[in-house]
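Novice: Can you keep this structure in mind? I'll have questions shortly.
The values are calculated or read from the model by the stated rules, or taken from the named source; none is laboratory data. No experiment lies behind these values; they were computed from the predicted model shown. Here the Cβ positions follow ideal geometry from the backbone for every residue, glycine too, while neighbour counts run over all protein chains shown. Quick note on the areas: whole protein, heavy atoms, side chains included, nothing else; ligands and nucleic acids left out. Shrake-Rupley method; radii C 1.70, N 1.55, O 1.52, S 1.80 Å.
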Amino acid sequence: MAGGRRAGAASNLAAAVLTGTVALYMALVAFGNITDFDTNRAFVQHVLAMDTTFKDPDLMWRAITSRPLQDAAYIAIIAWEAAAAAVLVVATVLWALRRGRAGRVATLGLLMVLLLFGAGFLAIGGEWFAMWQSKDWNGLDAATRNVLLAGLALLFVQSTSPGGGRKGAGTGAA
């Protein structure tokens, strides 16, 4: 029984560290985008405008060249990053306090990261706006790293939380 509690405590610690790592990363990304607004604004503008792609006429109708729409998309990205960071910080604290909602809150935050980088950057940016064609404004490698980090953390959280993989594992932090 003591070994099971130690294993549960170690799993909670690992879940807290993984969740906290993604929380820190997302917080720094959001902070960087807020304090250095123009750097990644240019990235979003070029991806949406598709101005560094092969300019295939069959795809260029997808381009968004309106500056207000580009800025709105960028602000929405920053808001999503900040929200995901906040949710993940709360989840990390809940893991550290061994609270029962830690797994659910972590899952929510990690899914937010996966949606942003998987659906947003890989699928929409990479495929819909043909970001893969750009030598200069291609964020697919970074997005893939983020999906892998959040996905790994999510798998671990799910395997640690009761009902999320290993029956009876963890401390009721579902």
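Novice: Among (1) in contact with a Phe, Trp or Tyr (Cβ under 8 Å, 6 or more places away or on another chain); (2) within 30 Å of A15 (Cβ to Cβ), there is one condition R62 misses while meeting the rest; what is its number?
Specialist: Exception for R62: condition (2).
Novice: Also: Got a sec? Which of D51, D38 is over 20 Å from the mean Cα position of the chain (by Cα) and surrounded by 15 or more Cβ atoms within 10 Å (Cβ to Cβ)?
Specialist: D51
Novice: So, in segment 1-24, of the ones that are modelled with pLDDT of 95 or more and of a type in the set (S, T, N, Q), which residue ends up most open to solvent (accessible area, probe 1.4 Å)?
Specialist: Per the stated criteria, the residue is T21.
Novice: Between a residue in segment 7-19 that is under 12 Å from S159 (Cβ atoms) and any residue that is in a helix (DSSP H, G or I) and open to solvent by 10 Å² or more (accessible area, probe 1.4 Å), which pairs come within a Cβ distance under 8 Å, given they are 6 or more apart or on different chains?
Specialist: A14/F156; A15/F156; L18/L152; L18/F156
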